[in-house]
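So the structure is just underneath, and the comments pick up after that.
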Ligand SMILES: C[S@@+](CC[C@H](N)C(=O)[O-])C[C@H]1O[C@@H](n2cnc3c(N)ncnc32)[C@H](O)[C@@H]1O
């Protein structure tokens, strides 16, 4: 990945003021990631691409005051929000987020029992360097647990609408994008065979406006940026029609499945 590509990712997330604020998709799956990796009191955990703390905060709760939970993210704004979220639960004495790049982990050897990454491994610019770094900072017998989109998040028709109206081609060729690709890369990096969990969650998107805001704060933003105002209005109208069948009290229900892979570091 070029430094331009990294700058552009950082810009999206630095400006993602409302990232997952009203929808709670990432928060729901972040909690599930930490549950599935069976974090215990006293564990030392590292969260890659921690964002605003979807899995860092549950990990900080789970490790407790005798453990340590550290998160890194390329975006200083996300790091600021993650630290705010930790402070809001008085977890800051044993947990913190710092700016860092998953391609070049700046931690000591065997510093962590568990490494987590919620929907971020496909941002690695250098997959062998990222996975080699994860193995290095994990203790022998530790584990790397990360989540991948098993299909288009929220509703498949939503991405279909965006792609149809956009001039940008959505990126999906990263080696860590699919379970098969990620499993192959994990084997190459020397991890033991990963355990796979498919997890399903339902979230209620409160309104079309909340969904629109969410789309501007994610990887879908480059698709929206290729469209003019008229196309935005048309896209919003199509999304509004798509949402109607999902109406429930409080908004629109979406059920998504994601894949969690848990790869043990040889002991
Ligand atoms: C889709 S968000 C996921 C955030 C969080 N894990 C969650 O589940 O809400 C991806 C995050 O990866 C971060 N990111 C992208 N490339 C990165 C890199 N090379 N190193 C560290 N963080 C990166 C972005 O800034 C963003 O916060």
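Let me spell it out: the conditions are (1) touching a strand residue (DSSP E or B) at 6+ places or on another chain (Cβ under 6 Å); (2) part of a loop (DSSP other than H, G, I, E, B), and residue 252 meets all of them except one. Which number is the exception?
Answer for residue 252: the failing condition is (2).
Residue 119 - would you say it is surrounded by 19 or more Cβ atoms within 10 Å (Cβ to Cβ) and modelled with pLDDT under 95? Spell out how you get there, then give the answer.
Working: surrounded by 19 or more Cβ atoms within 10 Å (Cβ to Cβ): yes; modelled with pLDDT under 95: no.
For residue 119, the condition - surrounded by 19 or more Cβ atoms within 10 Å (Cβ to Cβ) and modelled with pLDDT under 95 - is not met.
From the list 54, 28, pick out the single residue that is within 10 Å of the ligand (Cβ to nearest atom), within 30 Å of residue 252 (Cβ to Cβ) and surrounded by fewer than 19 Cβ atoms within 10 Å (Cβ to Cβ). Let's see the steps before the verdict.
Numbers: 54 fails: surrounded by fewer than 19 Cβ atoms within 10 Å (Cβ to Cβ).
From the options 54, 28, the qualifying one is 28.
Could you please give the count of residues in the stretch 107-158 that are part of a loop (DSSP other than H, G, I, E, B) and at negative phi?
Selection size over the stretch 107-158: 13.
Do you know which of the residues in the stretch 58-104 that are within 9 Å of the ligand (Cβ to nearest atom) and in a strand (DSSP E or B) is farthest from the chain's Cα centre (by Cα)?
99
Quickly run through the stretch 1-13 and pick out the residues that are more than 8 Å from the ligand (Cβ to nearest atom) and outside any loop (DSSP other than H, G, I, E, B).
First, pick out the residues of the stretch 1-13 that are more than 8 Å from the ligand (Cβ to nearest atom): 2-5, 7-8, 11.
Across the stretch 1-13, the qualifying residues are 3, 4, 5, 7, 8, 11.
If you go through the stretch 13-33 one residue at a time, how many are modelled with pLDDT of 80 or more and touching a helix residue (DSSP H, G or I) at 6+ places or on another chain (Cβ under 7 Å)?
Going through the stretch 13-33, the residues modelled with pLDDT of 80 or more turn out to be 13, 23-33.
The next check asks that each one be touching a helix residue (DSSP H, G or I) at 6+ places or on another chain (Cβ under 7 Å); those that pass are 13, 23, 30-31.
Residues meeting the conditions: 4.
For the stretch 14-24, how many residues are within 11 Å of residue 211 (Cα to Cα) and near the ligand (Cβ under 8 Å from one of its atoms)?
Residues meeting the conditions: 2.
List the number of the failed condition for residue 49; all other conditions in (1) touching a strand residue (DSSP E or B) at 6+ places or on another chain (Cβ under 9 Å); (2) within 13 Å of the ligand (Cβ to nearest atom); (3) on the phi < 0 side of the Ramachandran plot hold.
Result: residue 49 passes all but (3).
The values are calculated or read from the model by the stated rules, or taken from the named source; none is laboratory data. Note that the structure is predicted; figures quoted are calculated from it, not measured. Ideal geometry is used to build each Cβ from the backbone, glycine not excepted, and the neighbour counts take in all protein chains shown.
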